[in-house]
Amino acid sequence: PRVRFAPSPTGFLHIGGARTALFNWLYARRYGGAFILRIEDTDQKRSTEASLQAILDALNWLKIDWDEGPQKGGPYGPYFQTQRLERYAEVAEQLIAEGKAFRCYCTPEELEPLRKQAEKEKRAFKYPGTCRELKAPPPGKTRSVVRFKLQSTEGTIRFKDRVLGEIAKPMSDMDDWVMLRGDGIPLYSYGCVLDDHDMAITLVARGQEHVNSTFPQLLLYQALGWEPPEFAHLPLILAPNGEKLSKRKHADADVMNHKHAGILPEALLNYVVRLGWSHGNDEVIPVEKMIEWFDFDAVGATSGKWDHEKLLWLNQQYLMSMPVETITDRWLPYLEEKSPGAPARPRAQIEGVVRLLRPRSRTLVEMAETARYFFSDGVTIDEKAFAKVLTPEARPLLSAAREQLAQATWSTQALDAVVKQVAESAGVGMGKVAQPIRVAVTGGTTSPGIGETLELIGRDESLRRIDAALAKMPA
Ligand code: GLU
């Protein structure tokens, strides 16, 4: 198989686009085919270099690699539509010569009233056929577009969609649609068909918003005597409130926002693959399994709703299951942001913190926020925690613990033993000793086990923090 993802570089990579890319990519990888990235940059006002880069960055982050396309080249290039204009012109000429297309000289102003009328009557606008049979430009008119020349309005046009099943439309709904603008820029359906054919695409998987365009596209395949590819139209992704997940309203629609929020690309892929595709009741599906199992027949026709909590849950699964070294590498930029300079600390300390905090974090950002006290010079103690825990009664316990901690080997086990021993000799529960230490060294009342926390904060820093707390505690 040869499949493609054909984004228009007019904004960031939308989560729906990422899913389209992912499904195509999985299909190509599963069946040993090729995944082609084609850039549909025909909207010259809205297409930007920055958007293109943003899309490539997002695909790279997700590790969705393409076999042909920008930066890669390939035997079917160029892979930018604006570099293929000659081909669009050539085929248009051929179709005109064969009587399957025609030049239309109608101006937008001339057609506008008809469009308005159709809108009023709540029906689709249809080109009235004014220029269909012209042999030469009407006097005084030079600007033209090329329109497809419908050969018949009888019968039905149908195709079998890999996701939606059989879909049909009466030919009477079709019209002489515009293929090519006067400046040589193709309209979507025209450029798309030529490229899909010329790039030997065997299956077109794209969003359901393109189902309707498939009909004129099929007519063009017919007119050119070309075999159409298979089609798979993917359901929409909806926002939690049932609206379309839109770029403007929902931050989650932007793939790269998830990177900034500390989501792992593996988790995002896993989340996205389940929006529309399933494999039994499996929730955690690593990419190797997706490749082994994915096919369009298991893609559902109904829209999936975005569920942020579920994404966080999955991210937690991946934080726990991936090697500590990998999570640490991924984490360093987030750590740097919250605790500048911290990534320069000994690797063993940083990995130790990752080991402690990953069961308690849903994102890399959360983990970096919680980790602050491991790397700071001193801590600011939360007022409530101070009032509740660093009381006059706690003072002798913290003081005794401080004495003994200073003598102890700085290892989790030895430090836990100190806490236990201080508690036993004072005849109190371990919490009565551990909690004041915790508040003193972390600034708050929650942290991992006290021994491991102390070990990773380090001896000198821990003792300094305890001393600082003791100095402020009421006697
Ligand atoms: N450029 C179109 C889009 O971004 C591609 C549609 C298609 O895959 O045919 O929606």
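The values are calculated or read from the model by the stated rules, or taken from the named source; none is laboratory data. The structure presented is a predicted model; accordingly, all values stated were derived computationally and were not measured. Every residue, glycine among them, receives a Cβ derived from its backbone with ideal geometry; neighbour counts consider all protein chains shown. What goes into the accessible areas is simple: the full protein's heavy atoms, side chains included, and nothing from ligands, DNA or RNA. Shrake-Rupley method; radii C 1.70, N 1.55, O 1.52, S 1.80 Å.
Each row is one residue, and each column tells you yes or no for (1) away from the ligand (no atom under 13 Å from the Cβ); (2) over 18 Å from V272 (Cβ atoms); (3) open to solvent by 60 Å² or more (accessible area, probe 1.4 Å); (4) assigned to a strand (DSSP E or B).
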residue	(1), (2), (3), (4)
T20	no, no, no, no
L26	yes, no, no, no
G32	yes, yes, yes, no
Q53	yes, yes, yes, no
W66	yes, no, no, no
Q71	yes, yes, yes, no
Y76	yes, yes, yes, no
E86	yes, yes, yes, no
I96	yes, yes, no, no
- request: Being more than 13 Å from the ligand (Cβ to nearest atom) and among the polar types (S, T, N, Q) is the filter here, so list the residues in region 194-245 that pass it.
  value: T202, Q222, N241
task: Considering each of G184, G191 in turn, give the residue that is within 16 Å of the ligand (Cβ to nearest atom), of a type in the set (G, A, S) and open to solvent by less than 30 Å² (accessible area, probe 1.4 Å).
output: G191
task: Kindly indicate whether E166 is exposed (fewer than 14 other Cβ atoms within 10 Å of the Cβ), over 28 Å from T130 (Cα atoms), within 16 Å of the ligand (Cβ to nearest atom) and without any contact (Cβ under 8 Å) to a residue 60 or more places away in the chain.
output: no
message: Being part of a loop (DSSP other than H, G, I, E, B), within 29 Å of A239 (Cβ to Cβ) and either more than 12 Å from the ligand (Cβ to nearest atom) or free of Cβ contacts under 8 Å to residues at least 60 places away in the same chain (or both) is the filter here; which residues of region 34-51 pass it?
response: D41, D43, K45, R46, S47, T48
message: Considering only residues that are within 15 Å of the ligand (Cβ to nearest atom) and touching a Phe, Trp or Tyr at 6+ places or on another chain (Cβ under 8 Å), which ones fall in region 246-255?
response: K247, V255
- line: Considering region 247-299, residues that are among the polar types (S, T, N, Q) and open to solvent by 10 Å² or more (accessible area, probe 1.4 Å), and then whichever is nearest to A368 (Cα to Cα), we arrive at N257
- prompt: Name the pairs: first residue in region 1-30 and closer than 23 Å to G74 by Cα and at pLDDT 95 or above, second residue near the ligand (Cβ under 9 Å from one of its atoms) and of a type in the set (K, R), Cβ to Cβ under 7 Å, at least 6 apart or on different chains?
  reply: R4/R38; A6/R38; T20/R206; N24/R4
task: Check whether at least one residue in region 264-275 is of a type outside the set (G, A, S), farther than 18 Å from N24 by Cβ and at pLDDT 95 or above, and report yes or no.
output: yes
Residue check, V353 within 30 Å of A261 (Cβ to Cβ), open to solvent by less than 60 Å² (accessible area, probe 1.4 Å) and of a type in the set (A, V, I, L, M): yes
message: I need the full set of residues from region 443-460 which are over 22 Å from R347 (Cβ atoms), touching a residue at least 12 places away in the same chain (Cβ under 8 Å) and not hydrophobic (A, V, I, L, M, F, W, C), in order please.
response: G443, G444, T445
query: Of the residues H197, H210, H233, which is buried (at least 16 other Cβ atoms within 10 Å of the Cβ) and without any contact (Cβ under 8 Å) to a residue 24 or more places away in the chain?
result: H210
query: Any chance region 75-86 includes a residue that's touching a residue at least 40 places away in the same chain (Cβ under 8 Å) and under 19 Å from M174 (Cα atoms)?
result: no
message: Checking the condition more than 39 Å from the chain's Cα centre (by Cα) and within 20 Å of T370 (Cβ to Cβ), which residue from G427, G443, G451 passes?
response: G451
- line: Inside region 111-129, the number of residues satisfying the requirement of being open to solvent by 90 Å² or more (accessible area, probe 1.4 Å) and either among the acidic types (D, E) or not in a helix (DSSP H, G or I) (or both) is 4
- request: Please determine, by comparing only the residues of region 462-475 that are closer than 15 Å to E403 by Cα and touching a residue at least 60 places away in the same chain (Cβ under 8 Å), which one is most open to solvent (accessible area, probe 1.4 Å).
  value: R464
statement: Scanning region 262-316 residue by residue, the ones that are assigned to a helix (DSSP H, G or I), touching a strand residue (DSSP E or B) at 6+ places or on another chain (Cβ under 7 Å) and among the aromatic types (F, W, Y) total 1
- request: Tell me, yes or no, whether region 102-114 has at least one residue that is of a type in the set (A, V, I, L, M, F, W, C) and touching a strand residue (DSSP E or B) at 6+ places or on another chain (Cβ under 7 Å).
  value: yes
query: Name the pairs: first residue in region 411-422 and on the phi < 0 side of the Ramachandran plot, second residue open to solvent by 40 Å² or more (accessible area, probe 1.4 Å) and of a type in the set (D, E, K, R), Cβ to Cβ under 8 Å, at least 6 apart or on different chains?
result: S411/E455; T412/E452; T412/E455; L415/E455
